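Each value in this text was obtained by applying a stated rule to the coordinates, not by laboratory testing. Keep in mind it's a predicted model, so treat the numbers as computed, not measured.
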Amino acid sequence: MRIKRSLLAAIGTMTLVLGVCASGSAQAATSATSAVPPTISPAAPSQLVPSGDHVTCDTGNFCAGVWDPTVNQWRVFFLYQCNRYYLSNWHGTGEVMNSQTDEAQATLYGQNGNVIQTFPVSTDAPDVDWEPVWSIRNC
C-alpha cells in the first residue's frame, strides 16, 4: 500500500511540475508574440528608422512615423498616392512631415471621421499622438 501511495504521489508531482512548466512556456510564448507591427491600408511603402533619428521625407510624400514594437525601431510610411489610408496598431507618439507638392494638405481623422489635425506642406516634423487617429488623407 505504501508503494502505491508513493507512486501516486510521484505521478501527481510530475503532473504538477509539467503543468507549471507548460503554462510558463505558453505565457512566455504569448508575451513574445503579443507585439504586432503597425500597418496601413491601402498598403504604402515604409522603411525602418533607428531610435533617436527623425522622420525624413522625400518631395511628393506625406510621411508618418510610428513606433514598431516588433523591431524596436520607428517605421516611416511614405504616402504618395492621393488616398484615405486606414491605420492599424498605431500607438504612442510619432512624427509626421508633409513634403507634398502643390500645397497639398494632409488630414488626420478620428474613429467617427472627425478631423483631428491638419498639416500644410512644411519642413517641420511635429509630434503626433496616434491613439485617437484612425485614418489619414494625404491630399
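A few notes on this one:
- For ASN83, residues with placed amide H under 5 Å, excluding near neighbours: ASN138, CYS139
- When the alpha carbon gyration tensor of region 43-97 is reduced to an equivalent ellipsoid, its three semi-axes come out at 18, 13, 9 angstrom, largest first.
- Taken one residue at a time, the phi angles of region 94-111 give Karplus couplings (6.51, -1.76, 1.60, θ = phi - 60°) of x, 10, 10, 8, 9, 10, 6, 9, 6, 6, 5, 9, 9, 10, 9, 10, x, 4 Hz. Gly and Pro are set to x.
- Separation between Cα centres of region 48-107 and region 115-139, rounded to whole Å: 9
- Relative intensity, log₁₀ I(q)/I(0), of region 62-136 from a Debye sum that treats every alpha carbon as a point, q = 0.14, 0.16, 0.23 Å⁻¹: -0.41, -0.54, -1.12
- Subtracting the Cα-Cα distance of VAL36 and THR123 from their residue separation scaled by 0.36 nm leaves 28.3 nm.
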